[in-house]
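The values are calculated or read from the model by the stated rules, or taken from the named source; none is laboratory data. Worth saying up front: this structure is predicted, and the values here are computed from it rather than measured. Note that we place each Cβ from the backbone using ideal geometry, even for glycine, and neighbour counts take in every protein chain shown.
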Amino acid sequence: MSKFGITFDIGEAQESNILISGSNHTGKSRLACGISSILQTFNWKVVAIDNTGVWKEISDLPTIYRLRKERNYDFENKYWHYPFPKTSMLYDTSLLVPSLQRSFVNQLSEQLWDFQVYRAQKQWTLLALEESQLFMRNVRGSVSENIMRAMSAGRNQKIRVLAVNVDLALLDPSFIRLCSQRFYARLNIEENSRRKFRNYHGGDWLRVTTELSLGFFVYMLRDKLKVIHAPLFETKRIPERYRIRIPTPQPQKPKSAWDRFRKWFQ
C-alpha cells in the first residue's frame, strides 16, 4: 500500500497496532500524519491527540478542537466536556499539563470504546497518540487502562492504536509486542534506548538504525525488516477549528396589557 510514497500495509493495520519511534526531528510526526491520511482514504475515522501543537499545521484531519482546563474540565467531578468525534478529529492538548492530558486521553479512550460497542455497523477507528510515552509508560495503571483495552482487544471493536514515541525504553513492552507494523527512525544516543532495540532486533539492525538520515526508517512488517524512505508529508488542507453551535434566540412574544399593568405595580 502506498500513498505519498509511504510504505504501509492497510490489512496489517486492522490486525495490530502501529508504532513510530525514534529521536527528535526525524520525521515521525509527518509520517504519522501521512498514515492517518491513508487510513482516511479507506474510510477510517482517525482520532488524534496532539500535545505538541504541531499536527494542526501538518495533518489533513478535517477538524481540530483545542482543550483548555478552564473551559473543558470539571474539577469537582473530574470529568471532561468536549465534542465527541463522530468523524475524524484532532484534539490539541498542548495547553494542558501532563496529568490533565492523561486524564483526557483515558476518558476519550473509554468513550470511543463504548461508542463502538453499541454501534451495529462499526467503522474502523484509529486512536493516534503523539508523545505517547506520557500515556503508555505503564498501560496497566488505572490512568491508562482504557488505552490498554483498546490496544489489546480493540480489534474486536475495530479500534487500533498508533503511538509516536521517542524511545522504546519509555513504552510499556506489552504495547510494543502488539505492534506488528513498526517504523524506527534514528535512535537516541542513550544506552537504554540502544539496548532495548538490540534486544528486539539484534546488533546489525542497531548499527543500521543509528545511522539513518532524516526521513529514513527501518520498517518492520511482522518479522521482516527493511530500510525505507518516507517523503515529507505535506497536507493540501489544514484542520478547521471546531465550531460550537450557538442556539438561535427565539423572538419573545409581546407582553399583554395585563402583564404590563402588573409589572407597573411591582
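Across the range 97-123, which residue is surrounded by the most Cβ atoms within 10 Å (Cβ to Cβ) among those that are closer than 21 Å to CYS33 by Cβ and hydrophobic (A, V, I, L, M, F, W, C)? So that I can check it myself, show each step before the final result.
The first filter runs over the range 97-123 and keeps only residues closer than 21 Å to CYS33 by Cβ, leaving 101, 104-105, 108-109, 112, 123.
Now narrow it down to the ones that are hydrophobic (A, V, I, L, M, F, W, C): 104-105, 108, 112.
On the way: PHE104: 22, VAL105: 25, LEU108: 21, LEU112: 21.
Among residues in the range 97-123 that are closer than 21 Å to CYS33 by Cβ and hydrophobic (A, V, I, L, M, F, W, C), the one surrounded by the most Cβ atoms within 10 Å (Cβ to Cβ) is VAL105.
Go through the range 153-180 and give me each residue that's over 16 Å from the mean Cα position of the chain (by Cα) and either buried (at least 24 other Cβ atoms within 10 Å of the Cβ) or of a type in the set (S, T, N, Q) (or both).
ASN156, GLN157, LEU168, SER174, SER180
If ARG119 meets every condition in (1) of a type in the set (D, E, K, R); (2) more than 16 Å from the chain's Cα centre (by Cα); (3) at pLDDT 95 or above apart from one, which number is that one?
(3)
In the range 210-227, what residues are surrounded by fewer than 16 Cβ atoms within 10 Å (Cβ to Cβ), touching a residue at least 24 places away in the same chain (Cβ under 8 Å) and assigned to a strand (DSSP E or B)?
Across the range 210-227, the qualifying residue is only LEU221.
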